[in-house]
Amino acid sequence: MSIRQWSRDLSMGVRFAFGGGREGWTRALLTAVGVGLGVALLLLSTSVPNALAVRHDRDKARADHTFSQPDRPKADNTVIVADANTTFGERDVRGRLLEPEGPRAPRPPGVDRLPRAGEMVVSPALKDLLASGDGKLLRARLPYRISGTIGERGLVGSHELVYYAGAEGLSARLDRSSVARITAFGDTVAVTVERTDPILILLILVVFTVLLMPVAVFIAAAVRFGGERRDRRLAALRLVGSDSRTTRRIAAGEALGGSLLGLVLGAAFFLMVRQAAGSVELMGVSAFPSYLTPSPALALLVAGAVPAASVLVTLFTLRGVVIEPLGVVRTAKPARRRLWWRLLLPLAGLAMLYPMVGQGRDNGYFNQYLVVGGVMLLLVGVTALLPWIVEAVVGRLGAGALSWQLAVRRLQLSSGTAARTVNGIAVAVAGAIALHMLFSGVEGDYTKPTGQDLQRAQMQVSLDRGAIGAVGKFRSTKGVRSVTQLSDIDLGDRRENPDQGVPLTIGDCTALRELASLPSCHDGDVFAVTGAEPDESWTSTARPGRTLYIDPSYEGSPGEAIAWKVPGTLRHGTSVDGLLGYRRGGLMMTPGALPPGAAERATTQLYLRLDRSVPRAEEYVRNTTAGIDPMADATLWSSTRESKRFASIRTGLYVGAACVLGLIGASLLVSQLEQLRDRRKLLSSLVAFGTRRRTLSLSVLWQTAIPIALGLLLASAVGLGLGALLLRMAATSVRVDWASVLAMSGIGAGVVLVVTLLSLPPLLRLMRPEGLRTE
Amino acid sequence: MTAPAGSLLAAQGLRKAYGPTLALDGAEFSIHPGEVVAVMGPSGSGKSTLLHCLAGIVTPDEGSITYAGQELATLSDARRSALRRSEFGFVFQFGQLVPELTCVENVALPLRLNGVSRKEAERAAVAWMERLEVDDLRRKRPGEVSGGQGQRVAVARALVTGPRVVFADEPTGALDSLNGERVMELLTDAARSGGTAVVLVTHEARVAAYSDREIVVRDGRSRDMERAV
Amino acid sequence: MYSRVMSIGHTLLGLLESGPRHGYDLKRAFDEKFGHDRPLHYGQVYSTMSRLLKNGLVEVDGIEAGDGPERKRYAITEAGVTDVERWLGTPEKPEPYLQSTLYTKVVLALLTHRDAADILDTQRAEHLRSMRILTDRKRKGDLADQLICDHALFHLEADLRWLELTAARLDKLRQAVVSA
């Protein structure tokens, strides 16, 4: 059979797809929208790896990796880089202080001119934020003049908040960890790149699979739209002499028409999403539209595979159909649906997913193919099981009220059609429930109680320097109720490279009592606090009268090594649960007992209790912190912070699921209307002999509601099962998220109701006696 | 003018327009209990519209229809539907059997619409199917029976409630003469023996010959031949 | 009419094929099977038989003396059988009624500006009256009755269809008739 013949028949089918007036167009458009959504999703998922790669490359190119840099002398091509990250609200700000040491000092990517001291260059997003009223508090924290913006080359996302500020005197703080002298930006040394959170990968994979599956199911259903009308058209073609094969090809061509239009729509959707992607931030990750470029090979594959699939689906569905000149005959009664292979699919899915249980934490590894394959098999399992279940259940449904009987009999006669239309909803709901469970489970896990006692403190500030006098500054900061200061210093048994260390904590009596139960306390007291850790070997080192050294020197890191004699009257205390969320032991010292010069060597933690009635109190604290030392860190203790992380994904999921359900609802409506129109005569005659409108309306409702109820039941079961499995994979405790089950089932039920309501006016119109007129 | 004495269903001065087309233009009609009246006339003459008006399916623009002394126009749609359910029966040319219900369920349908229990309705349906010689089709669906058999099932359905009037619109239109005549024979026999009046719309004289008298509808006007002669 | 005379002769010959019969038997058999509306007079049988005898298509098988008239028994001859065969094999000439009274009445009504539709309706009522009688007989009769009634019914129906068609074209006919 020649290619010309094929193309002629297919193109004739394409013409049929768009002919046929408004109905034809509606059908073709619905098919196209379904296919288009699928294509857009496919293109999007094929460009995600690319986007991640671009982000990764950009991130590498600006890496300054201040740890692991060798010591090098000041030169005309060096610059000192210091980390000065901060957090604003929920958003992280990547900040660096730069001190160029010569004319050939390197510049980070995207920065044309290094900022002078007191100046900074910022990312466009940060510039906007600072200029907005919302960013006023941040403005106070970054007291630099904006001298320029960072180009796209230096950013990994359109919404990234980045600044580089010029600084002076950084050489004094070189420590090779957060302050380093470098000669070039970029990943010159092989470093381990932080792997993307495996759970995030799991989420992304599942989201795409879950959204793609119903679209695929929808496409499969969409190419069969207008079945009865198409049957008549095909029969007419046979009557005028087209042979059986030609007719099938023409039918396939009709499907092809819709899917070709779908390709165009899909490309358009994709471009829209791509453009929108530049203005969206998900989980603190944003991208530039240019990142979302599908690899040409994959794009070509999509462009080829989707239309080919639509042709194949059509030919596949026509396999049991004989198109005769006088009508279309379904070959006999299709064999009773068998259960075993339908059960095989979800079981195979389970088998693929099960081995990955528990790999979510500890940087486990998820095999992408297994995850996608397993989830897909489970969801395909839904579509395979549903026709069987609908047939089995509907076959057993007894006759009840007349409306019920009408609906049940109709379903018994064509349970496959009913199941097919519901399949999309079932898959979408199953996937959405599973995803939702995964989200709320993971989210619950992320916010598991840390042990930090939020009653005692809500913020923690770490200061390497400038601790003296800091307490006063924080006490006078807006929104701060009280400040507890605890410092620690290294204490060793020798001046250099000590063998034994002793934990040493310094704080006033009030502060120490947060950590230990002390018999009495006065300034100048030293306590040995036990009862915290199993390893209490330090007790033998810190014997009364022995001389120990505060801030000993280590290889390459000289210390002050201040000698200190353990007092003879070492008082005892017992560690208690408190401020930190864990028990701390070791020596505890009031400031009065500290030898002179030691206080400067301490690392200080300030625990702040905030006044909850002051909005954004944490920002004032961060501002104070940055005023003391831009490189210092202020952490918000909170269990609510992470919960917002997934909010945007969840919203996206809801929107996606609602769109898919809406689309499926539209297709349900189309087939419902088609069926009603085909039964116009029958409806009129039923009305003629006195059938109540209520009876017929109810039967239409049942007819949609029964399969959807079954679909939702199955979907809930599979969704909960899949969700539980995914949670186990993420090594998270399994909680059944009834709210999501209810919400998704509710949306599904809503779709039924809307479809029924929308088909009522045409139903009532068709029930008018005019339908009886034959002349 | 009033309805002829003793008539069960009578209409005077019926006028009905569908858009610009005048389907009925002053049609008259009357039928007595147990009478079979043929409504004849060329296609497009308004025969079917007359039938739909008489059955209370369509409300005429003008004129009155009285059934058993009640003016149909004064009844609510619900009451008219109830009347059709319990007192009238219908046989059409096509598309009247619900394809997904079995034949016996189709016959039982009007009884079930009247609230009769399924068992009882189906028992009565079977009795009528026996009478119309189609009781062997009980479990079959309409798609699996021939046109003549289907039409007999439809007749059984029209008669199952023991209606006082059966409206038959071209009941043999889709059948060959042999099947058509058998259906007419069964219908008129059953109607006569039960005292049921039959309004029979047909354009075929041989079908009309099963009636007691005929009226002719032309251009929306009716002519009662018996009274004219 | 010639054809009726001919067809009675052939019908009687046909009845004789099953065996010799008396004239009276022949009349009874004929009436029973074919003579629903018009039973044969005995004289008609007698004259037909003598003609057939003359033509050599039947022969007298025997004569019985009885109470009434003499009773001849007739038997069919070889030539008679051939004749029946030939008659059955010859198609009947379709008889178009080109000059029907009804047509004349309609044209006259139109010419004299009377209501031609009335005439047609009245005629239809009359036709239907006959058809009802036939239908009734058909319902009560056996298969032979049904066949014979159907034959008549179909012919009457054909007339009625002509009536319907004419009624539908009365306006055209009026124009043609009046202008001619």
_Anything in the stretch C:107-123 that is of a type outside the set (G, A, S) and open to solvent by less than 80 Å² (accessible area, probe 1.4 Å)? List them, or say none._
C:V107, C:L110, C:T112, C:D118, C:I119, C:L120, C:D121, C:T122, C:Q123
*Do we have any residue at all in the stretch A:608-623 that's surrounded by 18 or more Cβ atoms within 10 Å (Cβ to Cβ) and within 16 Å of A:G507 (Cα to Cα)?*
yes
_Condition broken by B:A127, with the remaining ones in (1) hydrophobic (A, V, I, L, M, F, W, C); (2) within 20 Å of A:L682 (Cα to Cα); (3) surrounded by fewer than 20 Cβ atoms within 10 Å (Cβ to Cβ) satisfied_ = (2)
*asked:* Going by what's in this entry, would A:L343 be described as more than 21 Å from A:L212 (Cα to Cα), at pLDDT 80 or above and open to solvent by less than 80 Å² (accessible area, probe 1.4 Å)?
replied: yes
*Could you please let me know if A:T539 is touching a Phe, Trp or Tyr at 6+ places or on another chain (Cβ under 8 Å) and without any contact (Cβ under 8 Å) to a residue 40 or more places away in the chain?*
no
_Condition (residue is under 28 Å from B:P42 (Cβ atoms), under 17 Å from the mean Cα position of the chain (by Cα) and part of a loop (DSSP other than H, G, I, E, B)) applied to the stretch B:160-169: is it met by at least one residue?_
no
*Could you pull out the residue among A:G360, A:G266, A:G258 that is surrounded by 14 or more Cβ atoms within 10 Å (Cβ to Cβ) and modelled with pLDDT under 75?*
A:G360
_Can you tell me which residue is farthest from B:F167 (Cα to Cα) among those in the stretch B:94-104 that are open to solvent by 10 Å² or more (accessible area, probe 1.4 Å) and more than 7 Å from chain A (Cβ to nearest Cβ)?_
B:T102
*Yes or no: A:L211 out of contact with any strand residue (DSSP E or B) (no Cβ under 8 Å at 6 or more places or on another chain), at pLDDT 75 or above and in a helix (DSSP H, G or I)?*
no
*B:Y210 fails exactly one of the following numbered conditions: (1) within 13 Å of chain C (Cβ to nearest Cβ); (2) more than 23 Å from B:G63 (Cα to Cα); (3) surrounded by fewer than 23 Cβ atoms within 10 Å (Cβ to Cβ). What is the number of that condition?*
(3)
*asked:* Considering only the stretch B:69-86, I want to know if a residue exists there that is surrounded by fewer than 16 Cβ atoms within 10 Å (Cβ to Cβ) and of a type in the set (K, R).
replied: yes
*When the stretch B:108-130 is examined, which residues are found to be within 12 Å of another protein chain (Cβ to nearest Cβ) and either under 20 Å from B:V166 (Cβ atoms) or not charged (D, E, K, R) (or both)?*
B:A108, B:L109, B:P110, B:L111, B:R112, B:L113, B:N114, B:G115, B:V116, B:S117, B:A121
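Yes/no matrix, rows are residues, columns are (1) part of a loop (DSSP other than H, G, I, E, B); (2) closer than 30 Å to A:Q275 by Cβ; (3) open to solvent by 30 Å² or more (accessible area, probe 1.4 Å):
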{"site": "A:P108", "(1), (2), (3)": "yes, yes, no"}
{"site": "A:V111", "(1), (2), (3)": "yes, yes, no"}
{"site": "A:L130", "(1), (2), (3)": "no, yes, no"}
{"site": "A:L138", "(1), (2), (3)": "no, yes, no"}
{"site": "A:S147", "(1), (2), (3)": "no, no, yes"}
{"site": "A:G157", "(1), (2), (3)": "yes, yes, no"}
{"site": "A:Y163", "(1), (2), (3)": "no, yes, no"}
*Listed residues A:L713, A:L742; which is open to solvent by 30 Å² or more (accessible area, probe 1.4 Å), in a helix (DSSP H, G or I), within 23 Å of A:G395 (Cα to Cα) and out of contact with any Cys (no Cβ under 6 Å at 6 or more places or on another chain)?*
A:L713
*Restricted to the stretch A:81-101, and to residues that are over 12 Å from A:V162 (Cα atoms) and charged (D, E, K, R), which residue is surrounded by the fewest Cβ atoms within 10 Å (Cβ to Cβ)?*
A:E90
_For the stretch C:138-164, give me the residue count where each residue is more than 9 Å from chain B (Cβ to nearest Cβ), among the hydrophobic types (A, V, I, L, M, F, W, C), closer than 17 Å to C:H127 by Cα and open to solvent by 70 Å² or more (accessible area, probe 1.4 Å)._
1
*Among the residues of the stretch B:143-173, write down those that are basic (K, R) and either without any contact (Cβ under 8 Å) to a residue 12 or more places away in the chain or surrounded by fewer than 23 Cβ atoms within 10 Å (Cβ to Cβ) (or both).*
B:R164
_Can you say whether C:L134 is of a type outside the set (S, T, N, Q), within 19 Å of B:R213 (Cα to Cα) and touching a Leu at 6+ places or on another chain (Cβ under 6 Å), as far as the supplied structure shows?_
yes
*Out of the residues in the stretch B:174-204 that are aliphatic (A, V, I, L, M), outside any loop (DSSP other than H, G, I, E, B) and touching a residue at least 60 places away in the same chain (Cβ under 8 Å), which is farthest from the other protein chains (Cβ to nearest Cβ)?*
B:A197
*Pairs only if they're at least six apart or on different chains, beta carbon under 6 angstrom, first in the stretch A:678-704 and open to solvent by 40 Å² or more (accessible area, probe 1.4 Å), second part of a helix (DSSP H, G or I) and at pLDDT 80 or above; list them, first residue then second.*
A:L698/A:S403; A:L701/A:T756; A:W702/A:W404; A:W702/A:A407
_Matching entry among A:V390, A:V382 (being assigned to a helix (DSSP H, G or I), under 29 Å from the mean Cα position of the chain (by Cα) and modelled with pLDDT of 75 or more)_ = A:V382
*Within the stretch C:102-137, work out how many residues are away from chain B (no Cβ under 11 Å) and among the polar types (S, T, N, Q).*
2
*Which members of the stretch B:110-132 meet the condition of being under 19 Å from B:F90 (Cα atoms) and either in contact with a Ser or Thr (Cβ under 7 Å, 6 or more places away or on another chain) or in a loop (DSSP other than H, G, I, E, B) (or both)?*
B:P110, B:L111, B:L113, B:N114, B:G115, B:V116, B:L132
*asked:* All but one of (1) open to solvent by less than 40 Å² (accessible area, probe 1.4 Å); (2) at pLDDT below 80 hold for A:L726; state the number of the condition that does not hold.
replied: (2)
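Okay, residues lined up against (1) modelled with pLDDT under 90; (2) in a helix (DSSP H, G or I); (3) within 14 Å of chain A (Cβ to nearest Cβ); (4) within 21 Å of B:D212 (Cα to Cα):
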{"position": "B:T2", "(1), (2), (3), (4)": "yes, no, no, no"}
{"position": "B:A5", "(1), (2), (3), (4)": "yes, no, no, yes"}
{"position": "B:A11", "(1), (2), (3), (4)": "no, no, no, yes"}
{"position": "B:R15", "(1), (2), (3), (4)": "no, no, no, no"}
{"position": "B:L22", "(1), (2), (3), (4)": "yes, no, yes, no"}
{"position": "B:A38", "(1), (2), (3), (4)": "no, no, no, yes"}
{"position": "B:S45", "(1), (2), (3), (4)": "yes, no, yes, no"}
{"position": "B:I65", "(1), (2), (3), (4)": "no, no, no, no"}
*Selected residue (criterion: surrounded by the most Cβ atoms within 10 Å (Cβ to Cβ)) from residues of the stretch A:549-580 that are touching a helix residue (DSSP H, G or I) at 6+ places or on another chain (Cβ under 9 Å) and within 30 Å of A:D71 (Cα to Cα)*: A:I550
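The values are calculated or read from the model by the stated rules, or taken from the named source; none is laboratory data. Note that this is a predicted model, so its numbers are computed, not measured. Positions of Cβ are generated from backbone atoms using ideal geometry, with glycine treated the same way; all protein chains shown enter the neighbour counts. Calculation scope for accessible area: heavy atoms of the full protein, side chains included, ligands and nucleic acids excluded. Shrake-Rupley method; radii C 1.70, N 1.55, O 1.52, S 1.80 Å.
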